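Encoded as structure tokens, the structure appears first; notes follow it.
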Amino acid sequence: MLTRPKPETNPAARKLDAASLARGTQWLIRRDRDLKRIVRRHGTPPLWDRPGGFRTLVQIVLEQQVSVAAGRAALKRIETRFGRVTAAVLAVAGPEDLRAAGITRQKAAYVAGLAAACKEGTLDLRRLARLSDDEVRQALTAHKGIGRWTADVYLLMAMRRPDAWPPGDLALQKALQWCKGLPDRPVGDEELAIAAAWSPWRAVAARILWHGYLAERRRPPGTDTS
């Protein structure tokens, strides 16, 4: 009989590393044959983490509704213009200077607002390590420009929490459709219901899906994917 691991009482102790990523992968492949097929073909996924802090949060905001490459390019334009992506620097710059760096009006306002919040202390990113996943979501989504997707990508990538799942992530939805052989991309409740079966390792399942989907997209046309 499969049992769920007991949750850690200290949120900081639940930070994915190579060992827990491997442990979560093994738990998942015993539970889900579709994930097992991906791991058997492509191996344990990379950890795919990012450093925590303001710069990473800004990058995730810039990636909203665009590709990772487009978000990275926008961040590079900010770095070229201002030198460093810190709350202190961008709070002084303000939205108009960010617009001059080629950032959209909406995202320039979001980034400037987050910079001011971090500088003033109403958003303390270092404190997040002591909070549960839900408390982190509440702390982040209290600020304009951060929704559930952004908060969960930060939880998954920067904080390396094992059970984070960014709802509405287009790449994950495509990977789910491919993995489960669905006629359409699962969205809304359907997406969340599939992912719920992988708790408390949803962030590991996300990495498996990304890993497999990206690898299969690089396969030559006509290659067997059974």
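Read-outs: derived from the displayed coordinates by stated rules, not from any lab. These figures come from a predicted structure and were not determined experimentally. Here the Cβ positions follow ideal geometry from the backbone for every residue, glycine too, while neighbour counts run over all protein chains shown.
Checked across the stretch 43-56, the condition of being in a helix (DSSP H, G or I), under 22 Å from the mean Cα position of the chain (by Cα), at negative phi and not charged (D, E, K, R) holds for at least one residue.
Residue count for the stretch 61-82 under the criterion of being in a helix (DSSP H, G or I) and in contact (Cβ under 8 Å) with a residue 24 or more places away in the chain: the result is 5.
Listed by first and then second residue, the pairs with beta-carbon distance under 6 Å, at least 6 apart or on different chains, first residue in the stretch 136-160 and in a loop (DSSP other than H, G, I, E, B), second of a type in the set (Asp, Glu), are 160/49.
Condition test on residue 85, is it within 24 Å of the chain's Cα centre (by Cα), surrounded by 13 or more Cβ atoms within 10 Å (Cβ to Cβ) and assigned to a loop (DSSP other than H, G, I, E, B)? Steps first, answer last, please.
Values: within 24 Å of the chain's Cα centre (by Cα): yes; surrounded by 13 or more Cβ atoms within 10 Å (Cβ to Cβ): yes; assigned to a loop (DSSP other than H, G, I, E, B): yes.
Here the answer is yes, as residue 85 does meet what is asked.
Within the stretch 142-152, identify whether any single residue is surrounded by 15 or more Cβ atoms within 10 Å (Cβ to Cβ), more than 16 Å from the chain's Cα centre (by Cα) and farther than 24 Å from residue 46 by Cα, and answer yes or no. Looking through the stretch 142-152, at least one residue is surrounded by 15 or more Cβ atoms within 10 Å (Cβ to Cβ), more than 16 Å from the chain's Cα centre (by Cα) and farther than 24 Å from residue 46 by Cα.
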